[in-house]
1. Would you confirm, using the coordinates I've provided, whether residue 78 is touching a helix residue (DSSP H, G or I) at 6+ places or on another chain (Cβ under 7 Å), closer than 21 Å to residue 186 by Cβ and assigned to a helix (DSSP H, G or I)?
2. Can you pull out the helices (runs of 4 or more DSSP H) entirely within the range 96-177 that have at least 3 residues that are within 17 Å of the chain's Cα centre (by Cα)?
3. What tally of residues in the range 108-149 results from selecting those that are hydroxyl-bearing (Ser, Thr, Tyr) and away from the ligand (no atom under 16 Å from the Cβ)?
4. May I ask you to verify whether residue 66 is within 26 Å of residue 159 (Cβ to Cβ) and β-branched (Val, Ile, Thr)?
5. For residues in the range 1-16 being within 18 Å of the chain's Cα centre (by Cα) and in contact (Cβ under 8 Å) with a residue 24 or more places away in the chain, which is farthest from residue 71 (Cα to Cα)?
6. Quick one: which residue in 105, 97 is of a type in the set (D, E, K, R) and either near the ligand (Cβ under 9 Å from one of its atoms) or surrounded by 20 or more Cβ atoms within 10 Å (Cβ to Cβ) (or both)?
7. Right, residue 59: closer than 28 Å to residue 173 by Cα, surrounded by 14 or more Cβ atoms within 10 Å (Cβ to Cβ), near the ligand (Cβ under 10 Å from one of its atoms) and not charged (D, E, K, R) or not?
Amino acid sequence: MPTASPQIALTYFNAPGRAESVRVALRLAGQPFEDRRLNYADFGALKAQGALPLGSVPLLEVDGLVLTQTAAMLRYAARLGGGELYPSDPLQALIVDSALDTFNDTLSNALLPSLYERDMEKKLAMRVDFAAGPLARACAYVEGLIARSGGPFLLGSSLSIADIVIALQIGQIEAGGLDGISPSMLDAYPHLKGLAAAYRAEPRIAG
Ligand SMILES: N[C@@H](CCC(=O)N[C@@H](CS)C(=O)NCC(=O)O)C(=O)O
């Protein structure tokens, strides 16, 4: 049975990747957690031992129970923090989940093969396809959702778990962190750039 103050450990690579949003959401919830960071050898060893239920990370261990799926972890962190980061209204929650899955699931999975590609020429060719296809579609879709609310965040003035995921990924592109993806491609998406800027300026993030 869960306790009032759960013992939590988050396991991921020593990188932002999929886990950074969960780290941020747990911090915003005021929830202490052990931040377990793996190198590739550690990851391989855990996988070989069968310690990763789906063969992947992040993992969230709550009072000894090992769970997977980033989006579920984010919703859990939001509930631990009193629900501020996840709306109770069904339609608002649907919008948050839809944008969250678009960036955390669809986009991350589409990017993954090029992250693993070692041949730079092939990697850059994959990135051209990624930018023109999944990235452009995801950006246009979420741009429209932010425009609908008036921004700066997905639902307007209040930060949600989807904003954390989107802002971290847009921030990576703005910083030139993805080979072959020019930060200037974001000029077509002023609301996404505005969301990332508002996230960085948010006192709970910036402070
Ligand atoms: N649906 C899962 C996907 C997790 C996932 O694909 N994790 C990647 C790292 S970002 C991984 O562990 N890849 C290594 C592998 O599959 O061998 C989630 O959202 O947490």
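The values are calculated or read from the model by the stated rules, or taken from the named source; none is laboratory data. Note that this is a predicted model, so its numbers are computed, not measured. FYI the Cβ positions are ideal-geometry reconstructions off the backbone, even for glycines, and counts take in every protein chain you see.
1. For residue 78, the condition - touching a helix residue (DSSP H, G or I) at 6+ places or on another chain (Cβ under 7 Å), closer than 21 Å to residue 186 by Cβ and assigned to a helix (DSSP H, G or I) - is not met.
2. In the range 96-177, 108-116, 136-149, 161-174 are the helices (runs of 4 or more DSSP H) which contain 3 or more residues that are within 17 Å of the chain's Cα centre (by Cα).
3. Result for the range 108-149: 2.
4. In short, no.
5. Per the criteria, the residue is 14.
6. So the residue among 105, 97 that is of a type in the set (D, E, K, R) and either near the ligand (Cβ under 9 Å from one of its atoms) or surrounded by 20 or more Cβ atoms within 10 Å (Cβ to Cβ) (or both) is 105.
7. In short, yes.
Condition check ((1) farther than 23 Å from residue 116 by Cβ; (2) surrounded by 18 or more Cβ atoms within 10 Å (Cβ to Cβ); (3) within 12 Å of the ligand (Cβ to nearest atom); (4) at pLDDT 95 or above) across all residues:
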{"position": "3", "(1), (2), (3), (4)": "yes, no, no, no"}
{"position": "12", "(1), (2), (3), (4)": "no, yes, yes, yes"}
{"position": "33", "(1), (2), (3), (4)": "yes, yes, no, yes"}
{"position": "46", "(1), (2), (3), (4)": "no, no, yes, yes"}
{"position": "71", "(1), (2), (3), (4)": "no, yes, yes, yes"}
{"position": "77", "(1), (2), (3), (4)": "yes, yes, no, yes"}
